[in-house]
Amino acid sequence: MLKGGCHCGAVSFEVKTSLEWITECNCSACRKLGTVWAHADEGEINVDMADGATLSYIWGDKTLAFHTCRTCGSTTHWTSLNKAESTRMAVNVKLVDPSEIRDMRLRHFDGADSWQYLD
Ligand SMILES: [Zn+2]
């Protein structure tokens, strides 16, 4: 179970399932946000924050929204914008204590081009 949160504490999250890997994606958004993601279904992740605590950033084909803390600027998670199509989401494990993810497998996802894992 991973727990993390933004720098100022306005947004926190908990992944309630155990994950086999975490993912670094090379798409233009993930690369510039500097994120490493833990993906799960929405039912397996709790995000605790007040309404409006984050700014959401939506781009490209508008399938998901990146959330960034309005106070401290940490990118915390992304959510699906079309729940009929996908209820997957992810939290940014850069906001988790490093000791919690040290032994996890890190996979590289080619979101910039082939949309496949590179291993
Ligand atoms: Zn914050």
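Would you kindly derive the ³J(HN,Hα) couplings of the range 99-116 from the backbone phi angles with the Karplus curve 6.51 cos²θ - 1.76 cosθ + 1.60 (θ = phi - 60°), listing them in order in whole Hz, with x for Gly and Pro?
In residue order, the calculated couplings are 5, 6, 10, 3, 9, 7, 5, 9, 10, 9, 10, 8, x, 6, 9, 7, 6, 10 Hz.
Beyond 17 Å, how much of the Cα-Cα pair distribution for the range 1-61 remains, as a whole percent?
I get 52 percent for the Cα pairs in the range 1-61 exceeding 17 Å.
Quick test of your reading: applying the under-4.7 Å Cβ rule, which cysteines of the chain are isolated?
By the Cβ distance rule, which asks for a partner under 4.7 Å, the isolated cysteines are C27.
Counting Lys and Arg as +1 and Asp and Glu as -1, each charge on the Cβ, what is the dipole of the range 63-119 about the Cα centre in debye, to the nearest 20?
With only Lys, Arg, Asp and Glu charged at Cβ, the dipole is about 220 debye.
Quick check: residue separation of E20 and M1 times 0.36 nm, minus the Cα distance between them. What number comes out in nm?
5.7 nm
Direction-averaged shadow area of the convex hull around the Cα atoms of the range 2-109, nm²?
Mean projected area of the Cα convex hull: 6.5 nm².
When L118, L95, L81 are ordered from fewest to most other Cβ atoms inside 10 Å of their Cβ, what list results?
Taking fewest neighbouring Cβ atoms as first place, the list is L118, L81, L95.
Values quoted throughout were computed directly from the atomic coordinates according to the rules given, and no laboratory measurement underlies them. Keep in mind the model is a prediction, meaning the values are calculated, not measured. Heads up, the Cβs are rebuilt from the backbone with ideal geometry, glycines too, and the neighbour counts pull from every protein chain shown.
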